[in-house]
Amino acid sequence: AAEGLVYSFDPKKAPEGHVLPNSWEPPWDWPRVWSCDWGKRAPSVLQLWAIDPEGRMHLYREMFRTWTQAGDLGAWAKKEVESGREPRPVAVLCDHDEESKKLFELASGLSLTMAEKSERDRRIQMMQQRFDVQYDGKPRIVFVHNAEAAVAW
């Protein structure tokens, strides 16, 4: 497991259930939720999630770069939405850095919400449950294999 890993995920346990092929694209009408984790020397990460009608989360694109300013990431996001490559997200959640949040908002034209940090352990447990296979034989969180390769910068 990677250092700092929060969620338990064993790709050998159910790889067909958690991993989608590189070519997978969500239907256009599925709501999008984006998440940002600001970095400087550590990578900045912008994840693009689609939510299916059953509430399953699909990570289908991921921007993952070191030395990336929040404003540059915001400009990239704006270009993706304005070009029609991405539908406008219904929510963008971000890490707690007010300056980075403002820079991204200014560059992107999107409103960001800082992630809720109360009841951290309970929230981690709720997210971990998404990895568990449910009654229909599927987990509630899936990932496109090599999602970061789907991002053109």
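The values are calculated or read from the model by the stated rules, or taken from the named source; none is laboratory data. Note that the structure is predicted; figures quoted are calculated from it, not measured. Reconstructed Cβ throughout: ideal geometry from the backbone, glycine too, with neighbour counts over all protein chains shown. For accessibility, only protein heavy atoms count, side chains too; no ligands or nucleic acids. Shrake-Rupley method; radii C 1.70, N 1.55, O 1.52, S 1.80 Å.
What the table shows:
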{"quantity": "Ordering of 87-96, 111-120 by packing [mean C-beta count within 10 Å, highest first]", "calculated": "87-96, 111-120"}
{"quantity": "Out-of-range pairs (alpha-carbon distance over 25 Å; input LYS117/LYS138; LYS78/LYS138; LYS78/LYS102; LYS79/LYS117; LYS79/LYS101)", "calculated": "LYS117/LYS138; LYS78/LYS138; LYS79/LYS117"}
{"quantity": "Karplus-derived 3J(HN,Hα), 6.51/-1.76/1.60, for each residue of region 45-61, Hz, glycine and proline x", "calculated": "10, 10, 9, 10, 10, 10, 10, 7, x, 8, x, 6, 8, 10, 7, 10, 9"}
{"quantity": "In region 105-148, the chymotrypsin sites (Phe, Trp or Tyr not before Pro) that fall in loop regions by DSSP, at most 15 other Cβ within 10 Å", "calculated": "TYR135"}
{"quantity": "Where only C-alpha atoms are counted, convex hull volume of the chain per residue in Å³", "calculated": "123"}
{"quantity": "Mean separation of Cα contacts under 8 Å (6+ apart) over length of the chain, as relative contact order %", "calculated": "29"}
{"quantity": "Selected from SER111, VAL92, GLN69, residue furthest toward positive end of dipole (region 26-153; charges at beta carbon)", "calculated": "GLN69"}
{"quantity": "Per residue convex hull volume, Cα atoms of region 92-145, in Å³", "calculated": "126"}
{"quantity": "nm² value of the averaged projected area, convex hull over the Cα atoms of region 25-91", "calculated": "4.4"}
{"quantity": "Sulfur and carbon atoms: percent of accessible area, region 40-138 [1.4 Å]", "calculated": "50"}
{"quantity": "Selection of GluC sites (Glu not before Pro), region 24-108, meeting DSSP coil and at most 11 other Cβ within 10 Å", "calculated": "GLU54"}
{"quantity": "Accessible area of the chain divided out per residue, in Å², using a probe of 1.4 angstrom", "calculated": "61"}
{"quantity": "Gain on full stretching of the segment that runs from ALA115 to GLN129 - 0.36 nm per residue minus C-alpha separation", "calculated": "3.2 nm"}
